[in-house]
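The values are calculated or read from the model by the stated rules, or taken from the named source; none is laboratory data. Just so it is clear, the model here is predicted, and its values are computed rather than measured. We place every Cβ from the backbone using ideal geometry, glycine too, and count neighbours over all the protein chains shown. Calculation scope for accessible area: heavy atoms of the full protein, side chains included, ligands and nucleic acids excluded. Shrake-Rupley method; radii C 1.70, N 1.55, O 1.52, S 1.80 Å.
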Amino acid sequence: MPPEPAYDALIIGAGPAGIGAALALKSRGIHNIALLERETDAGGTPRHCGHPPFGLREFRRLLTGPAYAKRLARAAFDANIPLLPRHSVLALHPGGTLDLATPEGPRTLTARRVLIATGAREAPRAARLIGGERPLGVLNTGALQAYCYLEHKAPPFTRPVVVGTELVSLSALLTLRRHGIHPVAVLESGPTPVAPWPLSLFPRLLGLPVHRNAALASINGFPRVTSVTLQNGSELACDGVLLTGRFTPESTLARMSHLALSTATKGPAIDQYGRTSDPAFFAAGNQLRAIETAGWCFFEGRRIGEFMADDLQGGLPAPGDELTLTPGEGIAYVVPQRLARVSPLRATLQLRLTEPALGQLHVRAGDTVLLRRPLISAPERRVLLELDDLRPPPGTQHLTIEVAQ
Amino acid sequence: MFDIAVVGAGVVGCAVARRFALMGARVVLLEQGPDILSGASKGNSAILHTGFDAPPGSLELACMRAGRAEYLEIRERLGLPLLETGAIVAAWSDDEQAKLPAIAAQAHANGVTDVTLLDRAALLARIPTLSPHIKAGLLVPGEHLIDPWSAPLAYVLQALAVGATVHRRTQVTAARFDGACWQLDTTTGPFRATTLINAAGLFGDHLEALALGEASFTIHPRKGQFVVFDKAATKLLATILLPVPLERTKGIVLTPTIFGNLLVGPTADEQDSRTNAGTDHQSLQALIARAHALIPALEHMPVTALYAGIRPATERKEYRLRHEPARHYIGLNGIRSTGLTAALGLAQHAASLYQTPHTPIATPPWPQAPKLAEHLPRDHHQPGYGEIICHCELVTRREIEAALTGPLPATDLGGLKRRTRATMGRCQGFYCQAHLATLTAGRLDPPLETPHAP
Ligand SMILES: Cc1cc2nc3c(=O)[nH]c(=O)nc-3n(C[C@H](O)[C@H](O)[C@H](O)COP(=O)(O)OP(=O)(O)OC[C@H]3O[C@@H](n4cnc5c(N)ncnc54)[C@H](O)[C@@H]3O)c2cc1C
Ligand SMILES: Cc1cc2nc3c(=O)[nH]c(=O)nc-3n(C[C@H](O)[C@H](O)[C@H](O)COP(=O)(O)OP(=O)(O)OC[C@H]3O[C@@H](n4cnc5c(N)ncnc54)[C@H](O)[C@@H]3O)c2cc1C
């Protein structure tokens, strides 16, 4: 097959981040672009989140996920951004070449810049190493919502246990309730619910027992679930298991490719412009880390789309002269993981903590603390740290971000 | 009225049904599960063995050699894949290293003459990701990987194409020989056949007792658990890593799969249940730790799937074959850990015990197995597939539709998975299960949805 003409930019994934980036590129006069989406419709994960809150910042309106997804798709359409649906990107090659599967046959596309905006998903049962048999009726929230809001079908259970108490578990409980499904209980493996108070009270308001320190050991029954066994040995009768949260970037493309991955986020490692280890590839949205709101991902996509436009127009510093950032004590991850050495740095770090902390956030180069910020936060909250004023001493290669008590 | 009733559609029963159908016999294959491969054959390591470490002179070795040869001969016509990985029997201690020459000698005695000893440097050059603790190894070039589900499916499809009959969800509950012929009672009605072939795997002893009054062996189910790593892991290992064999089992293997994953397992857990193929957290963690120890770069590799298979082991190591010519009975049992390789050979062996002449099918058709191997063209490479349903395993709507139709459609999720790989990838249905529920509505039992929405 002769190579198809190159695009200026291709965007993999037409979710909030991808559409945000496409709109930014377009508004900067970069017209030779396209959105590559493996599903039939644009909009990404919100398509099957049949509940608010979506769109407050982008559209100044409280929307449900599907309504928000439609608005996003509409915005891309109105801006004349070509959408190539049912285009599954299968592989990334150095310099911006992509292999795709399409219903018309395989394609190879090239672009001067590519954005990876493939989102995140919840950890399924296998990744959690939950033992037992393999019956029908073990789902993630994403699949549950797809049953209810995309396919308009009832999931294969009527009395599930709900595992996890992250925010997304509340979406799960709402969806179940709306569809007349009454969970048996909510299980949290840790000592306290993860969702912040007062949202953490929600299961109790629905009259559901919440078991703490209740890690799932095995799922029993075949071909359907009959019960679950907890690690403390007790057994709960149920006919399904809904596994919520524990998001992980859907970073298959990056993981299978030449791009460097962050072991902390499990997504591609980027610099403050969203550039990955191959400067032809950028990444944005929940691909970078799991998980932020749709609105956050949209604006992040827009910001990184702007940087892609800068880059295409010759306005980004050449890659190469960089500082690396490592999460230290008390830090689960930091995004970006690399900083092009420019002045000012024009970087805002996004962090998550490993445990609740009350103390200081330090940015350290070797033994020298370059920056101190007061810190009161917890793992489920996003922490932002602006580095514009930071002046790393000449010769600095690594910065460590850590919590100091 | 049939010439042959084969009870059990595991890999052995499927191969036997094909062999007798090609010989021109009227064959019925009876299976209690919702689909073929509902027992031991549901989960294995998918290695096409050479027999290098099989007991010399044994029937097991003969069947493995014959089964392997026939697989290699027919596979292209049935569209069945082969991934020629070779295997390394890896020695991690001086003791293990000391055993390698004897294993090489046994391989030679078994007719596997292309094995070679490799020293540490040669191994590390071959597999740079291997832990530096490796001592030495034995290269067995002929150990290959196949698709453990498409192969038996293709055997049955060919049997069906030449006139065999298959009944699933049909359990044999009683068997009487009247001096000329067998009368079988099943959960879906009676069947009559001249010859009974017991390929009932994990229930082989029960069936033998039903048919002959007493069983000459007892099944001692031995479960093997596995962990499947993400497809990204395959770039770390292109060869099967076998342990120096233990007395009881083949030990824990780290191997690529034909589907492009990396697999570690199986464990060897004695249990009473013949059906509960459950995994347990501790064993899974131990398997992962083992994999990390062999290939340290696996450390950050995500886990894609967990499963277990149950070996139809008996009180003895060897195959438990029983031939009762007067009662027209052939038992092919205790096919513990080499049945995928040996199935076609066992079928040849059973045919050699059978004396009745039939007119062989002159030019049998060669139905095509699903094309699921990662290293070969898949369905999505051909235009007109509609849409991709399972994104992780790149399963098309055309493939799903094919699996739900034809002479042996899938009637449960397990059968659909084995025919297409849908939901077997890293997201385990996060993206596609609901869509699959729509595409399979009315076709699967149990269904993927709750039929009457509350
Ligand atoms: C159950 C659930 C409830 C949620 N509730 C809320 C809420 O109430 N409010 C809120 O703000 N946020 C919510 N979120 C989070 C929100 O959905 C995400 O933050 C947002 O969708 C992330 O946007 P994204 O563009 O990064 O990824 P996604 O929206 O996931 O979009 C990624 C897109 O990439 C496509 N894609 C992936 N791989 C490929 C490939 N190889 N080739 C082509 N295309 C590909 C996908 O099909 C998808 O369309 C929820 C999420 C879930 C799962
Ligand atoms: C963990 C593990 C790893 C393995 N790895 C390999 C490998 O790498 N290579 C290799 O060659 N082999 C391997 N094997 C061995 C291979 O899988 C087995 O030898 C083979 O599956 C045995 O097949 P079978 O047909 O004898 O039994 P089964 O698959 O158990 O088939 C018997 C069938 O009979 C049916 N049945 C039973 N009773 C009745 C009844 N009364 N009425 C109707 N139907 C009935 C059952 O439902 C079942 O489907 C492995 C096995 C295990 C468990």
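Across all Cα atoms of the stretch B:255-350, the radius of gyration (one decimal) and Dmax (whole number) stand at 17.8, 60 Å. Taking every DSSP helix (H) stretch of at least 4 residues in chain A, weighting each as -39,500 (n - 2.57) and dividing the sum by the residue count yields a mean residue ellipticity at 222 nm of -5000 deg cm²/dmol.
Report the calculated FRET efficiency for A:ARG204 and B:ASP95 (r = Cβ-Cβ distance, R0 = 56 Å), to the nearest 0.05. Result of the calculation: an efficiency of 0.45. Taking a ≥ b ≥ c as the square roots of the Cα gyration tensor eigenvalues, chain B comes out oblate, since a/c reaches at least 1.5 and a/b does not exceed b/c.
Note on the stretch A:325-395: Rg/Rh from Cα positions, Kirkwood definition for Rh, rounded to two decimals, is 0.95. Charge dipole (Cα centre; +1 on Lys/Arg Cβ, -1 on Asp/Glu Cβ; no other charges) of the stretch A:102-210 amounts to roughly 200 debye.
The long axis of helix A:65-78 is offset from the longest Cα principal axis of chain A by roughly 20 degrees.
Taking every alpha-carbon pair in chain A and binning the separations at 10 Å intervals from zero gives 5, 21, 29, 26, 15, 4, 0 percent. A full extension of the chain between B:ASP114 and B:ASP185 corresponds to an added length of 20.6 nm, given 0.36 nm per residue minus the alpha carbon distance. So what's the angle, to the nearest 10 degrees on a 0 to 90 scale, between helix A:167-178 and the longest Cα principal axis of chain A? Relative to chain A, helix A:167-178 is tipped by roughly 50 degrees. Using every pair of distinct Cα positions in the protein assembly as shown, the Kirkwood expression returns a hydrodynamic radius of 29.1 angstrom.
Sorted from greatest to least, the principal axis extents spanned by the alpha carbons of the stretch A:192-296 come out as 52, 36, 22 Å.
Among complete DSSP H helices in chain B, those whose alpha-carbon atoms stretch at least 15 Å along the helix's long axis and whose mean Kyte-Doolittle hydropathy reaches -1.0 are B:11-22, B:59-74, B:94-109, B:150-161, B:281-294, B:339-353. In chain B, helices alone account for a calculated mean residue ellipticity at 222 nm of -8000 deg cm²/dmol, with every DSSP H run of four or more residues adding -39,500 (n - 2.57). Summing Cβ point charges (Lys, Arg +1; Asp, Glu -1) relative to the Cα centre of the protein assembly as shown gives a dipole of roughly 1260 debye. Centre-to-centre, using Cα atoms only, the stretch B:87-108 and the stretch B:144-210 are separated by 40 Å. A 1.4 Å probe run over the protein chains yields, for chain A, 40 Å² of accessible area per residue, whole-number rounding.
With 12 Å as the cut-off, how large is the P(r) tail for the stretch B:1-45, expressed as percent of Cα-Cα pairs? Considering the stretch B:1-45, 57 percent of its Cα-Cα pairs are separated by more than 12 Å.
Projecting the Cα atoms of A:ILE116, A:LEU173, A:HIS48 onto the charge dipole of chain A, computed from C-beta unit charges around the Cα centre, puts A:LEU173 farthest toward the positive end. Helix A:16-27 against the longest principal axis of chain A: what's the angle in degrees, Cα atoms only, rounded to the nearest 10? In chain A, helix A:16-27 runs at an angle near 30 degrees to the longest axis. Chains A and B together bury some 4300 Å² of accessible area, summed over both sides, with a 1.4 Å probe.
Between A:SER27 and A:THR348, the simple spin-label model (points 7 angstrom out along Cα→Cβ) gives 1.5 nm.
Taking the centroid of alpha carbons for each part, the stretch A:203-227 and the stretch A:60-132 are 33 Å apart.
Relative contact order, whole percent, for chain B stands at 21, derived from Cα pairs under 8 Å and 6 or more residues apart. Between the beta carbons of B:GLU73 and B:GLN271, assuming R0 = 35 Å, the FRET efficiency works out to 0.40 to the nearest 0.05.
Using a 1.4 Å probe on the heavy atoms of the protein chains only, list every residue of the stretch A:107-131 that has 20 Å² or more less accessible area in the complete assembly than in its chain alone. Flagged in the stretch A:107-131: A:ARG121, A:PRO124, A:ALA126, A:ALA127, A:LEU129, A:GLY131. Restricting the GluC sites (Glu not before Pro) of the stretch A:57-159 to loop positions (DSSP other than H, G, I, E, B) with no more than 14 neighbouring Cβ atoms within 10 Å leaves A:GLU104. Mind listing P(r) for the stretch B:156-246? All alpha-carbon pairs, 5 Å bins, whole percents. So the P(r) values, bin by bin, are 3, 9, 14, 15, 13, 10, 9, 9, 8, 6, 2, 1.
Volume of the convex hull of the stretch A:140-182 (Cα atoms only), normalised per residue: 64 Å³.
With contacts taken as Cα pairs under 8 Å at a separation of at least 6 residues, chain A carries a relative contact order of 16 percent. Considering only protein heavy atoms and a probe of 1.4 Å, how much of the accessible area of the protein assembly as shown is carbon and sulfur, as a whole percent? The value for the protein assembly as shown is 55 percent carbon and sulfur by accessible area. The calculated P(r) of the stretch A:118-265, using every Cα pair and 5 Å bins from 0, goes 2, 9, 19, 22, 20, 14, 8, 5, 2, 0 in percent. Since only B:HIS108, B:VAL140, B:ALA62 are under comparison, the one whose Cα sits farthest along the positive direction of the charge dipole of the stretch B:1-147, derived from C-beta charges on Lys, Arg, Asp and Glu, is B:ALA62.
Classification of the stretch A:282-357 by its C-alpha gyration tensor yields an oblate form. The axis ratio a/c (a ≥ b ≥ c) is 1.5 or more, and b/c is at least a/b.
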